[in-house]
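*Asks:* To start, I am sharing the structure in question, which I have written as structure tokens.
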Amino acid sequence: MKIYIMRKFRTAIAIVSALTLTGYVLTLSGCDDGPSTPRLYSEADSIALCEIMAEAPEYYEYVYKWDPKKIHTLPKGWKISWDMAEDGKLHITEFSASFSPTIYYTDCRIKGRVSESFNKLTHLRSFAIDGKSWEGEMPADFGSDMKLQKFSVTNTSLVSLACKMMMRDIELFTVEKNPDLVALPDSITTLSQNVKKLISVRICSNKSLVGEIPYITPCLMIGHVVWIMNNGYTTVNEDKLGYDYVPYQLTGNKISMTLSEKILNDPARLVKAYFQLIPQDGTTIINMPSETEIRRIQQGLQ
């Protein structure tokens, strides 16, 4: 039954995509079978949206009630924004899709993945997905031809975000509570280097992210924060510690290390390193002074 439903769903998408190419227009949220007037919405973006819907997770309830005549309706929890571009057509600039567990402990979700068709949304500025139904990996070329400003992947079952996403325009970057995630975007260490706006970076509670913490240079401006907390990271590049202000947080990981004399003999750097690192989850910074001693050193610096 489940296979039949999905086949019916995909067939409906294919039919509507074909109709779009032969003179039908797409509405604000997807597709419509009405006759074409002057096309305002990008045909390429509209067809890509249909393809994204076909591969994304869906609720059984939504699929059971599927009606090709109502294909313009979006799944519950989806939000799509269209904005006018230089070509005189409306393009998708914001995509948000949340698939949270249903109530009464009933798992009514069909698994899905992030479609390769996202790469066709070249005007996309904001991307956000949420929910355990999202599985697999981010497409390798995702974001390579976009000027993304907001990126959020939370509570998913994705195992990898490794992709060629451009980081130069990112203002908000959130990767949080993805227990199976083992890889971040390829250029993650360049995040925020060229940004002149306020920026928030949250890489938190992803227990399968291990190895060395990626160093993301915080901008020295009010409102800029970098939180890489409560993951499974075990090491950190000591040369990067203690040089940035306190909102660069690395607490709650699994880092175990011995501080070098360079840090121990530099009071200002030592204080910053303490508040960046302490506490860790079940491990320790072997020769880190106590909080009482750090407070004493901190007072001496004022």
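*Asks:* Quick query: amide H of Glu58 versus all other amide H atoms, modeled in the peptide plane; which residues come in under 5 Å with a sequence gap of 5 or more or a different chain?
*Replies:* Answer set, sorted by chain and number: Ile110.
*Asks:* Sort the stretch 227-274 into rounded, prolate or oblate with this rule: let a ≥ b ≥ c be the square roots of the eigenvalues of the Cα gyration tensor; rounded if a/c is under 1.5, and if a/c is not under 1.5, prolate when a/b is larger than b/c, oblate otherwise.
*Replies:* oblate
*Asks:* Any of Lys111/Lys254; Lys164/Lys272; Lys76/Lys150; Lys120/Lys164 with alpha carbons more than 23 Å apart? Name them for me.
*Replies:* Lys111/Lys254; Lys164/Lys272
*Asks:* Bin all alpha-carbon pair distances of the stretch 116-174 at 5 Å intervals from 0 and give each bin's fraction as a whole percent.
*Replies:* 5, 19, 30, 27, 16, 3
*Asks:* Here is a follow-up. Most exposed first by the Cβ proxy, i.e. fewest other Cβ within 10 Å, how do Asp83, Asp180, Asp45 rank?
*Replies:* Asp83, Asp180, Asp45
*Asks:* Where the only charges are on Cβ atoms (+1 Lys, Arg; -1 Asp, Glu), what is the dipole of the stretch 121-167 about its Cα centre, to the nearest 20 debye?
*Replies:* 220 debye
*Asks:* Run the dipole for the stretch 196-302 about the Cα centre, Lys and Arg Cβ at +1, Asp and Glu Cβ at -1, nothing else charged, and hand back the magnitude in debye, nearest 20.
*Replies:* 380 debye
*Asks:* Apply the Debye scattering formula to the stretch 210-302, with a single equal point scatterer on each alpha-carbon and no solvent, then give log10 I(q)/I(0) at q = 0.12, 0.21 Å⁻¹.
*Replies:* -0.34, -1.07
*Asks:* If we count other beta carbons within 10 Å of each Cβ, what is the order of Leu74, Leu241, fewest first?
*Replies:* Leu74, Leu241
*Asks:* Here's a follow-up. Rounded to whole Hz and in sequence order, give me ³J(HN,Hα) for the stretch 127-140 from the Karplus expression 6.51 cos²θ - 1.76 cosθ + 1.60, θ = phi - 60°, writing x for Gly and Pro.
*Replies:* Per-residue couplings from phi come out as 10, 8, 10, 8, x, 5, 5, 6, 10, x, 10, 5, x, 4 Hz.
*Asks:* Please list, ordered by chain and number, the residues whose modelled amide H lies under 5 Å from the amide H of Met229; skip anything fewer than 5 residues away on the same chain.
*Replies:* Here Ile203, Cys204, Ser205 satisfy the definition.
*Asks:* Fewest to most neighbouring Cβ within 10 Å: what's the order for Glu176, Glu261?
*Replies:* If I rank by nearby Cβ atoms, fewest first, I get Glu261, Glu176.
*Asks:* Starting from the amide H of Ser152, placed 1.01 Å from N in the peptide plane, find each other amide H under 5 Å away whose residue is 5 or more places distant or on another chain.
*Replies:* Phe127, Ala128, Ile129, Thr174
Since every read-out is calculated from the coordinates, none of them should be taken as a lab result. Computed from a prediction, not measured in an experiment: that's the story for all the values here. Virtual Cβ from ideal backbone geometry, glycine too; neighbours counted across all protein chains shown.
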